[in-house]
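Take a look at the structure set out below.
Derivation of every value follows stated rules applied to the coordinates shown; laboratory data play no part. Since we're looking at a predicted model, the values are computed, not measured. In this analysis, Cβ positions are derived from the backbone assuming ideal geometry, glycine residues included, and neighbour counts consider all displayed protein chains.
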Amino acid sequence: MVRHTLLEQDRLQRFSEALGAASKVFDTTGEVFFRSLTEHLGAVLHVDYVSIGELCAGGRALKTVAVSVGGKSLENLQYDLNDTPCQQVLERGRFFDHGSVQSHFPKDEFLVEMGFQSYLGVALIDSTGVRLGVMSVMSRRPLTDPKIAELTLGLFAARTSVEMERRRSGRALQASEARNRAILKAIPDVMFVLDRRGTVLDCAANTAHELYAPAEQVIGRNIRERLPPAAAESVARAVEHTITSAESSSVTCSVQTAKGLRVYDALCVPFDADNVLMIVRDVTETRTAEEELRKLPAQLLKAQDQERRRIARELHDTTAQNISALNMNLVRLEQEGVSASAARILADCRALCDASLREIRTLAYLLHPPMLDQVGLLSAVRWLVGGLQTRSGFGITMEAPPEMERLAPPLERDLFFVVQEALLNVVRHSGANTAGVRVERQAANVVVHIRDNGRGMPGAGSPEQSADWTFAGVGILSMRERLRQNGGDLGITSSRQGTTIIATVPLQTDHRTDARGPVRRGH
Ligand SMILES: Nc1ncnc2c1ncn2[C@@H]1O[C@H](COP(=O)(O)OP(=O)(O)OP(=O)(O)O)[C@@H](O)[C@H]1O
Ligand SMILES: [Mg+2]
């Protein structure tokens, strides 16, 4: 009885020693905590080996965070959980074998090699109950006091679990910070954190930027101090909208900088309850390029108009005059008296001259625009059709309402161009002998049909011809572009019996899509 009491006292003495050791270790954190814990634990429990391991490899292995043998820390190591007592710990929460662990785990080479007999292990668990790892002690002899050892290990395991969880979340935080840093580094924009009043709380820029000044010159200042009033007003509205709605908002503004007038896109996203993150991108170059691109089709079409006038003038003033002169020379030659066979050749040449003159005059006529602005679309088309009929010998009909209101001048010009270009194609490519132009004034559209009874477009009528025609020339492309700029479109139907071009434009287009300004309604 006395002896029993002495033993009890001894146990309690050692337990309180363990607690004393623990209290010292508990003041530390991180790697120091793990290392000193294993060292202390070895000494207090009189065990040969103490290890704290963290689950890794998808839960199939343990990687030690601290190991001590005989009270001295060793290099960390990683081992497979299969057929080890640690696997039992993870399955059951704790596992003790006080004397015959080697024979129970004969495949655990480490146990066998080290000659360990006793094993005590407790699972390390995070605050949500997830297993994080194992804390274990091993000894070559049976443990002197297994009960005390179990209690002590349990006590240390709770604190170790907390430390391991903290280490994990620290690592996760570091990884996410590193990720965020990498993302921020990759963004070429300037970033500002702004409060509701538009005061800059923080700012960052990866590259030299016109908008960016050293943080100390920007932080604490208000956007109204740094931006022109109009830009500051729109940014303030975007910031307010993002804070009240928790939705992102964007704004484009122009700012005069040392480099001249720059255009910026600013995107505001919710940052935290009261602030927004504003990401600012210099879009000056992109905007200028877009603007240039937008003007390009209109510029090309204008160049085409000018080129046509030039060709028409050349044909009329030079080529046609030369052929007339040639014709007159041929007449004079005839009058000089030539042999019968030479006279036949001369007559042939004169016929060719006449045909060429007619063709050149027809083309020049078709290329030369009439006084469209003065007479209006219908009269101009009638004039074109009539003139073509007398010059080409084509049978051309014209159907149109007796009267039609004037359309916006650019629209009239483009529709006239389409008729002119389509008739030019009829003359040049169709081989037709009749053609027709029909102008329809519908409720919401003006539709113009130009049809011929020629051979059709190349490939027309063949089964391979798809609905979309692809063309080598620019005639049809420019017709299409002109109609598109007026919100309309171009239809083509073509078969071996002829071709019809259908141009449709809406009358209610509010804005033209080219750079020539908004459409003015006709009256
Ligand atoms: N009415 C038509 N009948 C038969 N083929 C046509 C007709 N209109 C156009 N084509 C065919 O479509 C092609 C493309 O016409 P488009 O007006 O685009 O170019 P182009 O007349 O050849 O050259 P450009 O108009 O640039 O001087 C023509 O080359 C011709 O083969
Ligand atoms: Mg053409």
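Could you grab the relative contact order for the chain? Cα pairs under 8 Å, six or more apart, rounded to a whole percent.
Reported relative contact order: 7 percent.
When only alpha-carbon atoms count, how far does the chain stretch along each of its three principal axes, as whole angstroms with the largest first?
160, 60, 46
Which residue, chosen from 508, 74, 286, occupies the Cα position most advanced towards the positive end of the dipole of the chain, where the dipole is computed from +1 (Lys, Arg) and -1 (Asp, Glu) charges on Cβ about the Cα centre?
508
Among the lysines, which have Cα under 28 Å from the Cα of residue 185 when same-chain residues fewer than 8 positions away are ignored?
Reachable lysines: 259.
Taking a cut-off of 24 Å between Cα atoms, list the lysines near residue 24, but don't count ones fewer than 8 places away on the same chain.
72, 147
Can you spot the aspartates and glutamates whose alpha carbon is less than 13 Å from residue 63's alpha carbon? Ignore those fewer than 8 places along the same chain.
Answer for residue 63, where 13 Å is the Cα cut-off: 54, 75, 80, listed by chain and number.
Compute the Cα gyration tensor for the range 390-456, then decide on rounded, prolate or oblate, letting a ≥ b ≥ c be the square roots of its eigenvalues: rounded whenever a/c is under 1.5, prolate when a/b is larger than b/c in the other cases, and oblate in all that remain.
prolate
Among 135, 114, rank each residue by its count of other Cβ atoms within 10 Å, from fewest to most, as a rough exposure measure.
Least crowded to most crowded, the residues run 114, 135.
Counting pairs of alpha carbon atoms under 8 Å apart in space and at least six apart in sequence, what relative contact order in percent does the range 299-395 give?
The normalised contact order for the range 299-395 reaches 36 percent.
Sort 501, 125, 396 so the one with the fewest other Cβ atoms within 10 Å of its own Cβ comes first.
125, 396, 501
Net charge around residue 242, counting only other residues with Cβ within less than 12 Å of its Cβ (Lys, Arg = +1; Asp, Glu = -1)?
-3
Where does the charge balance sit around residue 178 when Lys and Arg score +1, Asp and Glu -1, over other residues with C-beta under 14 Å from its C-beta?
Local net charge: +3.
Say each of residue 349 and residue 373 gets a label point 7 Å from the Cα, pointing the same way as Cα to Cβ; how far apart are those two points in nm?
For the pair residue 349/residue 373, the computed spacing is 4.6 nm.
Quick check: convex hull of the Cα atoms in the range 305-402, volume per residue, rounded to a whole Å³?
Considering the Cα atoms of the range 305-402, their hull volume per residue is 108 Å³.
If I take every Cα pair under 8 Å that is 6 or more residues apart in the range 187-282, average their sequence separation and divide by the length, what percent do I get for the relative contact order?
Averaging sequence separation for qualifying contacts and normalising by length gives 30 percent for the range 187-282.
What is the distance in Å between the Cα centroid of the range 221-286 and that of the range 164-202?
Here the two parts' Cα centres lie 20 Å apart.
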